[in-house]
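Novice: Have a look at the structure that comes next, please.
The values are calculated or read from the model by the stated rules, or taken from the named source; none is laboratory data. The model shown is predicted, which means the values in this text are computed figures rather than measured ones. Every residue, glycine among them, receives a Cβ derived from its backbone with ideal geometry; neighbour counts consider all protein chains shown. Just so you know, the surface numbers come from the protein's heavy atoms only, side chains and all, with ligands and any DNA or RNA stripped out. Shrake-Rupley method; radii C 1.70, N 1.55, O 1.52, S 1.80 Å.
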Amino acid sequence: QGSSQWLPTWVLLANALAAVLSRRWLVVAVPLTTLGSMWAVWAVEPQHVSRVWSEGFVVLLAGLASAAFAALLDTIDELRRTRQELARVAVADERERFSRDLHDLLGHTLSVMVVKAQAVRRLARRDPEAAAEHAADIEQIGRRALVDVRQAVDAMRAPSFEEELDGAVMALD
């Protein structure tokens, strides 16, 4: 009976060691705790071999369970950090993609507008009618660029539930 009173202490010790020590030391600490509990039972009740083994088994299982739980918590932390890093990379990739799309969308248009503006400046004195035509082209190109930018920004906007539902209904039809 005397050794049974110490079983919770050995179980708590195995749990504490598994929670506090690194994985490398657990290979030694949990078996040593198990052997210590078995020795304590043997010292008090040497004639009860089955009790020695059963207490050792309980302490070993407690230590291993705590070690597994600690490893699980470490894995959860690592997964959480990985998820945060993946989200950060996804946002950076999306910003880069949007920057490229915006450059592709506006780069050519702005170049045409600059060339046309240079033509307007050169033609303004000697051919005001041609300059006015080029100015009207610049205005039209600028309006089209604004529409393109609005469409690109709208495409980047997260769709609402209603828009997603409408899209799903259309796809199913």
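Novice: What is the spin-label model distance, in nm, from Glu133 to Trp53 if the labels are put 7 Å beyond Cα along the C-beta direction?
Specialist: Label-label distance for Glu133 and Trp53, simple model: 10.5 nm.
Novice: Report the calculated FRET efficiency for Leu64 and Val89 (r = Cβ-Cβ distance, R0 = 41 Å), to the nearest 0.05.
Specialist: Result of the calculation: an efficiency of 0.65.
Novice: Where does helix 7-20 land angle-wise versus the long Cα axis of the chain, in degrees 0 to 90, nearest 10?
Specialist: 30
Novice: Okay, which of the range 131-153 sit inside 20 Å, backbone N to the point 7 Å along the Cα-Cβ direction of Met170?
Specialist: Once the point is set 7 Å along Cα→Cβ of Met170, 147-153 turn out to lie under 20 Å by backbone N, inside the range 131-153.
Novice: R0 = 45 Å: FRET efficiency of Leu102 with Arg126, Cβ-based, nearest 0.05?
Specialist: 0.75
Novice: Roughly how much of Glu129 is accessible, in Å² to the nearest 10, using a 1.4 Å probe?
Specialist: Glu129 exposes around 130 Å² with every protein chain in place.
Novice: While we're on this one: If one takes the longest principal axis of the Cα atoms in the chain, at what angle in degrees, from 0 to 90 and to the nearest 10, does the Cα axis of helix 161-172 lie?
Specialist: Result, in degrees: 80.
Novice: What relative contact order, as a whole-number percentage, does the range 1-156 give when Cα pairs under 8 Å and 6 or more residues apart are counted?
Specialist: Rounded, it is 18 percent for the range 1-156.
Novice: A follow-up question, please. For the chain, take the longest principal axis of its alpha carbons; what is the angle in degrees between that and the long axis of helix 23-44, to the nearest 10 within 0 to 90?
Specialist: Computed tilt is about 20 degrees.
Novice: If you don't mind, there's one more thing I want to ask. Report the far tail of the P(r) of the range 40-173, meaning the percent of Cα-Cα pairs longer than 18 Å.
Specialist: So the pairs more than 18 Å apart make up 78 percent of the total in the range 40-173.
Novice: With every protein chain kept in place and ligands, DNA and RNA left out, what is the accessible area per residue of the range 131-173? Probe 1.4 Å, answer in Å².
Specialist: Normalised by residue count, the accessible surface of the range 131-173 is 80 Å².
Novice: If you don't mind, there's one more thing I want to ask. Roll a 1.4 angstrom probe over the protein heavy atoms and tell me the percent of accessible area of the chain that is carbon or sulfur.
Specialist: Heavy-atom surface of the chain belonging to carbon and sulfur, 1.4 Å probe: 65 percent.
Novice: Further question on the same structure: Take the alpha-carbon centre of the range 109-130, take the same for the range 4-63, and report the distance between them in whole Å.
Specialist: Comparing the Cα centres of the range 109-130 and the range 4-63, I get a distance of 90 Å.
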